[in-house]
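The values are calculated or read from the model by the stated rules, or taken from the named source; none is laboratory data. In this text the structure is predicted, and so the values were computed from the model without any measurement. Every residue, glycine as well, gets a Cβ built from its backbone with ideal geometry; the counts of neighbours run over all protein chains shown.
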Amino acid sequence: MPGVARAPSPARPAAVDDGDLRDLLQATRRRKIWDLSESLHCSIVGTCLSAGELRQLLVKIGTDGAETASDHDLHGKAVLCARNRDDASRLLNKALDKRHRVALHQFAKAKSEAAVAGLWSEAVKRGDIPGAYWAVLTHPAATEALIRRAFGDVHMLSHLVGTANRADIRRLHRLEQEQAALLAKIERQQAQLREAVMTRDAKLRALADELSRRIEAEAAGGKRDEAPSQAAALSALVADRERRLAAEASRRERAERRLEQATAARGEAEEACRRALSERDALRRELAAAEENLAALIDGAEGAGALDLGGLSVLYIGGRPSQVSHLRAVSERASARFLHHDGGIDERSGLLPGLISRADVALFPVDCISHEAALAVKRLCRQSGKPWIPLRSASLAAFLAAIAPLRAMADEARDPVPSS
C-alpha cells in the first residue's frame, strides 16, 4: 500500500554443504559399533558382554547353532555381526548401550578429550572396565590416541590377570584331577564290593543247599563221619568271605576319607585364591595412590595434581612408632592436621574421646592395634558421628590410599552446602 514502509526481508543463511553437515553430526553423536575399526570388535565383545548375554542375543538374532555353540564360537559369531551395518549389528549395539547405560550416562557429562581420559583413568583404578571401555570407544570426544590407549590398557589387563591367577588355576586344576581320580577309584571299589557281596551270597546259598542235602543224606543212612569235616570246611569258607568283605569295606572307608580331605583342601585353596585376589586388588589401589600422591607430597609440589586435604584433622590410632613421623610429614604436606594415639600402650586410653572429638576422621591399621583399642575407636566414633577407616596394614602406602579419597570431604568442609 502507498505510504507504508515495507519491512526489510531477513538475510538468507548461507548454504551448508552436505559433507560439512555430516562431519558436524559425526562430531556430536556417539559412534556405533560398525563405525569403529574391526580390530576393536574382538575386545569389545570379549570385555563388555558375558557369554550368557551373547548367547541370548545371537538366539534373538536367529544365528544358526547359537543355542549349542561353545563360548569361543559365540564370541566369533558376535564379532562377525559387528562388522556390517545391518539388523544384527544394530541389536548388538543396542544390547551394549542397555547393558552399560550407567557408564554411558556418566561419560556423557564429559565434553572434552581430557575429561573422557580422566573418567577412563578413574574406572581403571576402580577395576570397573566393561562399561567404561564401551563409553570411551563410542564417545564423540574420544580421539584415536585415547582409543588406542584404552585398547592397550584392556589388552595388558588381561595379561596381568592371567599372570596373577596362573598359579592358583594350576593348583585348582591339580586338586580337581585328584578329586576325579578318587571318585573313580571309589566307584570301582564300590562296584567290586557289590560284586563280592553278590558272589558271597550266591556261594552261601549254594553251600547252604549242599549242606542241607548232605544232612538229609546222612540222616537217611549215608556217611555220618564226613559231615563234621564238611561243615567245618563250609564254616571256614564263610569266615574267609566275611574277612574279604570287611577288608573291602575298610578300603572303601579310607578312600572316602581321602576324598573328604581332598574336597576340604580344594575349598581351602579356593578361599586362599579369593583372599589373594582381594589382597592383590588392595595392593594395586595402594600402589596407585602412592604413585599418584607420594612424589608430589615429598617434593612439595602444588597444583591440580597435589593432594590437598584443606585443613582436615586426621587421627591415627596404633601403628608403629618409627612411622609416626613419616605419617605426620605426609599429612602436613597435604595441608592436614595430624593427631596420633598409640592405642593405650604408653598413652592413657582416656585421651581417646578427646582426640576423636577434635578429629574429622579416625584411621587405624588392623595389623598393628589391639582388639580392645579397635573396638573402643569404633564405639567412640559412632557416638560422636565421626567416620573411621580401618587400614589393611601400617604401611605408608595404605595410609596414602586411605587419605586420598578424603579430598571430597575437604572440599565439602571448605564449601558447605547452604541451608534452604
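Table: residues versus (1) part of a helix (DSSP H, G or I); (2) among the hydroxyl-bearing types (Ser, Thr, Tyr); (3) in contact (Cβ under 8 Å) with a residue 24 or more places away in the chain; (4) under 11 Å from Val314 (Cβ atoms).
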{"site": "His340", "(1), (2), (3), (4)": "no, no, yes, yes"}
{"site": "Leu352", "(1), (2), (3), (4)": "yes, no, yes, no"}
{"site": "Ile356", "(1), (2), (3), (4)": "yes, no, yes, no"}
{"site": "Leu375", "(1), (2), (3), (4)": "yes, no, no, no"}
{"site": "Ser393", "(1), (2), (3), (4)": "no, yes, yes, no"}
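Going through the range 91-128 one residue at a time, which ones are part of a loop (DSSP other than H, G, I, E, B) and crowded, with 19+ Cβ neighbours inside 10 Å?
Of the range 91-128, the ones part of a loop (DSSP other than H, G, I, E, B) are 100, 109-112, 127-128.
Passing the criteria: His100, Ala110.
How do the helices (runs of 4 or more DSSP H) wholly within the range 1-87 filter down when requiring 2 or more residues that are at pLDDT 85 or above: which remain?
Because the criterion is at least 2 residues that are at pLDDT 85 or above, the helices (runs of 4 or more DSSP H) in the range 1-87 that meet it are 38-48, 51-61, 71-81.
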